Structures are given as structure tokens and as C-alpha cells.
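*Asks:* If you scroll down you'll find the structure; I have some questions about it.
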Amino acid sequence: MILLLPIVTSILVASNVIIFILTHYYTNDWYKLGSIPAYMVSDVYTFLITALTSMFVHANIVHIAFNMIALVALGRIIEGYLGLYRYIVIYLLSGITGVTMHTIYSIATSSNIYTPMVGASGAVSGIIGLAAVLGDRFAYAWLALQFIFIVAGLSSIAYFAHIGGFVFGFVVGRLMYKRYDII
């Protein structure tokens, strides 16, 4: 059986995988495409560019695998509800919101302000937020897990990027549901 994915989800997965291969097997400069929180204050133009590029770069195979599994699992459902245009806009804006939330947290706490942040987690988290609007219980459990990891300080993962993307996707999903009865 062939698993067919909707067009935008297919393009996003393919883009992330191709960029991962190119940045890890043909160059060691992948981290230069990451978003550095300090740029929000010192170089806004570079911050905006890397806020976008960072969403397509991943640190390692496990990082990209988890993001792409979640994207495939939920993207194929959410894209059908939203349609191509809304889906891609919400995906990208969720990612940018995630980068911004991580950046604000980093600057406010003076934590890792020069460490590049990479990954599609904020964007994928927006899709998870949309799934929560549809009643997906896993989505709420996933959000709770993010807060537990923050409190426990278990790793250097940018949890505020995850939470920012989730909240953006959830709020947009609720607004769309109330206004257009789309989702």
C-alpha cells in the first residue's frame, strides 16, 4: 500500500529531508541557518531571515525524525481541513511564533542568546495545536509534557518554541472554528 500525503505536507517533509541531507552531508555549516536570539535586538533583518531558515534545519537524525513523524501523522489530517493556502500560512506562522517565543524567553533570561535554534518543532507544534482544537487528546498530553520538561530542565530543547507554535495553532484554530466553522 502506498501512503499518499496531501501536497503541502509532502512538500514540507521533502524540503526538510532534502535540507537535512544537504546541510549534514555536504557541509558542516548547518547551524549558521539557525535563529540566534541576540539577532532580534542587534540585527533584525538577519533574525527574520533565520527565523524562516531555522524551521527547515535539524540538528540530527532523531530531531528530524520526530518532527517529520508528527508532521506526517497530523499534517495529512489538518491539511484536509484547512486547505493548501491556510495550512501553509498557519504552519509558517506557527514556526515564526515559536522562534519568537524562544527568542523572548532567551533574551529575558539571558539564556543561550548566542546559541542557534533549529528545527521545525514550532511549526509542527502549530499543527498539533490545530489538532487539539479538533479534540485530539494526544495534543493536550504533548503540551503538558512540554511544561513538565521545562520545570524539570531535562534538556536544551527550545520548549518555548514548541509552546509558542502550539498556542498559535490552537488560537487560530479556535478563531477559525468560531468564525468560519472550518475546523
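All of the numbers you see were taken from the coordinates with simple rules; none came from a lab. These numbers were taken from a predicted model, which means no experiment stands behind them. Positions of Cβ are backbone-derived with ideal geometry, glycine not excepted, and every protein chain shown enters the neighbour counts.
*Asks:* For the chain, what is the calculated [θ] at 222 nm in deg cm²/dmol (nearest 500), taking -39500 (n - 2.57) for each run of four or more DSSP H residues and dividing by its residue count?
*Replies:* Taken over the chain, the calculation gives -24000 deg cm²/dmol.
*Asks:* What is the ratio of the Cα radius of gyration of the chain to 2.2 N^0.38 Å, where N is its residue count, to two decimals?
*Replies:* 0.99
*Asks:* Over the alpha-carbon set of the range 1-90, divide Rg by the Kirkwood Rh and report the Rg/Rh ratio to two decimals.
*Replies:* 1.03
*Asks:* Please order Thr27, Thr100 by the number of other Cβ within 10 Å, starting at the fewest.
*Replies:* By the 10 Å Cβ count, ascending: Thr27, Thr100.
*Asks:* Between the helical axis of 61-82 and the dominant principal axis of the chain, each derived from Cα atoms, what acute angle in degrees is found, rounded to the nearest 10?
*Replies:* 40
*Asks:* Show me, bin by bin at 10 Å from 0, the whole-percent P(r) of the range 1-49 based on Cα pairs.
*Replies:* 22, 30, 33, 12, 3, 0
*Asks:* For helix 7-25, what angle does its Cα long axis make with the longest principal axis of the chain, in degrees from 0 to 90 and rounded to 10?
*Replies:* Tilt of helix 7-25: around 20 degrees.
*Asks:* Given labels modelled 7 Å from the Cα in the Cβ direction, how far is it in nm from Ile69 to Ile148?
*Replies:* 1.7
*Asks:* Treat the count of other C-beta atoms within 10 Å as a stand-in for reagent exposure and order His102, His24 from fewest to most.
*Replies:* By the 10 Å Cβ count, ascending: His24, His102.
*Asks:* Projected onto the charge dipole of the chain (+1 at Lys/Arg Cβ, -1 at Asp/Glu Cβ, origin at the Cα centre), which of Gly80, Thr100, Tyr159 gives the Cα projection farthest towards the positive end?
*Replies:* Comparing the listed Cα positions along the dipole, Gly80 ranks first.
*Asks:* Let me ask another. List the residues whose amide H sits under 5 Å from the amide H of Ile157, counting only those 5 or more places along or on another chain, with H placed 1.01 Å from N in the peptide plane.
*Replies:* none
*Asks:* Then there is this: Using the Karplus curve 6.51 cos²θ - 1.76 cosθ + 1.60 with θ = phi - 60°, what ³J(HN,Hα) values do you get for each residue of the range 163-174, in whole Hz, with x for Gly and Pro?
*Replies:* 5, x, x, 4, 4, 4, x, 5, 5, 4, x, 5
*Asks:* While we're on this one: Compute, for the chain, the length of the dipole vector about the Cα centre, with Cβ point charges of +1 (Lys, Arg) and -1 (Asp, Glu) only. Units Debye, rounded to 20.
*Replies:* 320
*Asks:* In degrees from 0 to 90, rounded to the nearest 10, what is the angle of the helix 84-109 Cα long axis to the longest principal axis of the chain?
*Replies:* Roughly 40 degrees between the two axes.
*Asks:* Mind listing the long-range amide H neighbours of Ile36? Cut-off is under 5 Å, sequence gap 5 or more, other chains count too, H placed in the peptide plane at 1.01 Å from N.
*Replies:* When sequence neighbours closer than 5 places are left aside, the close amide H contacts are Met117.
*Asks:* Each label point is 7 Å from the Cα along the Cα-to-Cβ direction; what then is the distance between the points at Thr46 and Ile7, in nm?
*Replies:* Each label point is offset 7 Å from its Cα along the Cβ direction, giving 3.7 nm.
*Asks:* To the nearest 0.05, what FRET efficiency results for Lys178 and Val89 with a Förster distance of 22 Å applied to their C-beta separation?
*Replies:* Calculated transfer efficiency: 0.75.
*Asks:* Of the listed peptides 50-58, 110-118, 91-99, what is their order by residue-averaged count of other C-beta atoms within 10 Å, with the highest listed first?
*Replies:* Output ranking for 50-58, 110-118, 91-99: 91-99, 50-58, 110-118.
*Asks:* A further question on this structure: Within 10 Å of each residue's Cβ, count the other Cβ atoms and sort Phe66, Phe47 from fewest upward.
*Replies:* Lowest count first: Phe66, Phe47.
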